[in-house]
Structure formats: C-alpha cells, structure tokens
Amino acid sequence: MTWKRLLILFFGLSFVCNLTLAATTHEIKGSVITNDGSIAVNQTVKLFKIEMAEQPSLVPLGEGKTDKNGNFVIPIPDHVEGTFYRVNTTIKDQLIGSRPLRFDPGETVIRIELRQPGMVAGIQNITFSKHLMVFDLLEDVIQVTELVNFENRTQSTVNTRGNPLVKRIPEQAVNFQMPRQAPGVDIVGTPGSVSIEFFVAPGANQLFFNYDLPVDGSSNLSFYNEPAPGVSSMELILSGSMLDATFQSVDKGTLGQITESKKFFNKQAFRSKMMRLSPSVNNVEIEISGIPMAQKKLFYPATILLVIMLAGLFWYLKGRSKEITNAA
C-alpha cells in the first residue's frame, strides 16, 4: 500500500470519527419570549444538572446567549444517560425555568421555549396546603421549625412586594433564622410575627424558618401561633419521648379532630399530632410539656441539698459525740 493510499485512509477514518462524535453530541436548543410576545435578544440562559438526593440541587454546567432571533443552543459534551437537566433565565427579576429535561434513548436534541409569564399581585394568588411545626429540645431553649407548603397555581408570577403576608408567631420567640430560602421569597422575623413577601413563578415550594422559645425552668410552656392562610390542618412533630405538645384551644369555635401517629425519617421515629382546622381559625394555642430542667439549673438546688445534708450529718455526729462522752 502506497503512502498516498495510507494518507487517504487516515483522513477517511478521521472524517468518520468526527461524524460519529458530532452525532453523539447532546444539546438543548430553544428560544426566550417576553411576556408581551417579543423575542429576548442577548439573553443569558443557564444550564444545570439536577442532582438527585434527599434534597435535590442544581449543579451549573454552562450557559449561552440568545441570538438576534431569540434562539439559543447549549451543548452538553459529557452527557450521561438518565441525567435530568434544567434551563433557567431571568428577565426583570423574574426567574423563568424549564421543567426537568431528560434525553430519551437515542435522542440528542431537546427543544424548549422559555416564556416570561405575566404578573399578578396579591396573596390570594398563593395557595397554602400544609403547615408543620417541629420541636427540638436544646440545652435551655426549645427550637421550633415551621414548614409551610405553598403553590402558585396561576400562569403568572405572583408579586406581593409592598403588601406582605404578616403571620403571628409566639411572643416569646427569639433568634429567628431562615436556614433555607425559597426562590423569590423574603421573610423578616420580628418579635411576635414574621413578614413574608412573594415574587414567585408558577409552581410549588416551601417556606422554612425557625426560632427559639426560651425555657424559664417550668416544665410547661404555652404560646399562640397563627396557621398559614387557608390551610386545612396544622401538624406538630416531636422527636424522642421526653417532650410532648398538645393543641389547647383555637380563637374561633372548638378544637378540630386530632389524629396521632408515628412517622419515620432517616430511620428515626417521630410523633405526629395533626388537627383539622376550619377556615375561620386565626390563632391556635399550643402547650409544650415534659420540659426537663437544664443541668446547670439543677446544680444550684443539688449544691444546697448537699450542704444541708452535710450540716445535718455534722450536727448529728456532734450530738452523738456528746452522748458518748456523757456516758463515759
């Protein structure tokens, strides 16, 4: 075989390999449309991989920009079969995201349209479906975590900025924290209440915040809390067997049906008490019982008791010594 034929064969194989690589390159194509129907030019579009875990997370993979026609192309050079992706863009503070995307077997291109939704105002456009309170006993406080499921069921972005939802929390609450913030939700804690503003796209999410209730040495603690608007039930979650929590009263009507059960998470058992709520209920009284005295508070009574016992022993021995001396 001459060197010319070898050269032709080499370039031929290279061409075939390039065709194979091109055929197996995966990419997500699409367009971005604003809420008035016009195309979004030079708009940044970001690609994420959805990491499946107990709490799914988004891992950035790359980004692209729309051209003069509002179209974009984002290649995925290291695609793994079965991976879920998500594409996001932001227009005037509105986050527009795709549904979870996955390539079917043999599919190499996914086409989508990211359309900016319209805008509606008012908390009435947010639906609250579940309200949980989780109680954890720490050294000298009870930490309360509130979780509230909510959903924007409209086809538009809901904006309540400037007209927040103000929800009552216990007057005793201190050390307000927000460990995980839902996109487009701002929560500010003040003594006795939280102020919540929404700027959220269609879909479901969760409010998540916690605070501490100081323990003053009593074994019981009562407080009032306000359910999220329109929820049909409130649920108390307790870990361990020491603490207990009960529904004591509601501001309107009588206590609803209460269901007790056990739930498991990460192989750990939790006790649940769920009460049905009527739409007119605005405040619920809850009592926590079985609060143990902190170890540092036990030190002082124990020390006093020890002193009394030693003093008693001293006077007993002193009196006993006199009796022995007199008898002698």
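Scanning the stretch 209-230 for residues that are over 21 Å from PHE176 (Cβ atoms) and either among the aliphatic types (A, V, I, L, M) or out of contact with any Lys or Arg (no Cβ under 7 Å at 6 or more places or on another chain) (or both) turns up SER218, SER219, ASN220, GLY230. Taken as a whole, the structure leaves THR83 outside the set of residues that are of a type in the set (Val, Ile, Thr) and either assigned to a strand (DSSP E or B) or under 22 Å from GLU197 (Cβ atoms) (or both). Checking the stated criteria, ALA269 turns out not to satisfy the condition of being among the aliphatic types (A, V, I, L, M) and surrounded by 13 or more Cβ atoms within 10 Å (Cβ to Cβ).
Among the residues of the stretch 242-262, not a single one is basic (Lys, Arg), under 21 Å from VAL148 (Cα atoms) and either surrounded by 16 or more Cβ atoms within 10 Å (Cβ to Cβ) or in the same structural domain as GLY97 (by TED's automatic domain parsing) (or both).
Could you tell me whether any residue of the stretch 181-197 is surrounded by 13 or more Cβ atoms within 10 Å (Cβ to Cβ) and in contact with a helix residue (DSSP H, G or I) (Cβ under 7 Å, 6 or more places away or on another chain)? No, the stretch 181-197 contains no residue that is surrounded by 13 or more Cβ atoms within 10 Å (Cβ to Cβ) and in contact with a helix residue (DSSP H, G or I) (Cβ under 7 Å, 6 or more places away or on another chain). Condition (residue is among the hydroxyl-bearing types (Ser, Thr, Tyr) and in contact with a Lys or Arg (Cβ under 7 Å, 6 or more places away or on another chain)) applied to the stretch 190-208: is it met by at least one residue? Yes, the stretch 190-208 contains a residue that is among the hydroxyl-bearing types (Ser, Thr, Tyr) and in contact with a Lys or Arg (Cβ under 7 Å, 6 or more places away or on another chain).
If you filter the stretch 46-73 down to residues that are of a type in the set (S, T, N, Q) and part of a strand (DSSP E or B), you find that the one that is nearest to GLU113 (Cα to Cα) is ASN71.
Yes or no, residue by residue, for (1) in contact (Cβ under 8 Å) with a residue 60 or more places away in the chain; (2) more than 25 Å from the chain's Cα centre (by Cα); (3) assigned by TED's automatic domain parsing to the domain that holds LEU165:
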{"position": "THR89", "(1), (2), (3)": "no, no, no"}
{"position": "GLN94", "(1), (2), (3)": "yes, no, no"}
{"position": "GLY97", "(1), (2), (3)": "yes, no, no"}
{"position": "PRO100", "(1), (2), (3)": "no, no, no"}
{"position": "ASP104", "(1), (2), (3)": "no, yes, no"}
{"position": "ILE110", "(1), (2), (3)": "yes, yes, no"}
{"position": "PHE128", "(1), (2), (3)": "yes, no, yes"}
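Looking only at residues that are assigned to a loop (DSSP other than H, G, I, E, B) and either among the polar types (S, T, N, Q) or at pLDDT 90 or above (or both) in the stretch 133-162, which one is surrounded by the most Cβ atoms within 10 Å (Cβ to Cβ)? Per the criteria, the residue is THR160.
Scanning the stretch 84-98 for residues that are modelled with pLDDT of 90 or more and loosely packed, with under 15 Cβ neighbours inside 10 Å yields a single hit, THR90. Counting only strands (runs of 3 or more DSSP E) that sit wholly inside the stretch 222-270, those with at least 1 residues that are closer than 16 Å to GLN143 by Cα are 233-239, 244-250. Being in contact with a Leu (Cβ under 7 Å, 6 or more places away or on another chain) and not acidic (Asp, Glu) is the filter; apply it to the stretch 230-239 and report the residue that is surrounded by the fewest Cβ atoms within 10 Å (Cβ to Cβ). In this case the residue turns out to be SER232.
So that you can scan it fast, the table gives a plain yes or no per residue for (1) in contact with a strand residue (DSSP E or B) (Cβ under 9 Å, 6 or more places away or on another chain); (2) in the same structural domain as LEU132 (by TED's automatic domain parsing); (3) of a type in the set (Gly, Ala, Ser):
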residue: SER156; (1), (2), (3): yes, yes, yes
residue: PHE198; (1), (2), (3): yes, yes, no
residue: PHE208; (1), (2), (3): yes, yes, no
residue: GLY217; (1), (2), (3): no, yes, yes
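Look through ASN283, ASN210 and report the one residue that is at pLDDT 90 or above and surrounded by fewer than 15 Cβ atoms within 10 Å (Cβ to Cβ). After ruling out the rest, the residue left standing is ASN283.
The values are calculated or read from the model by the stated rules, or taken from the named source; none is laboratory data. Bear in mind that the values here come from a model prediction, so they are computed numbers and not experimental data. Ideal geometry is used to build each Cβ from the backbone, glycine not excepted, and the neighbour counts take in all protein chains shown.
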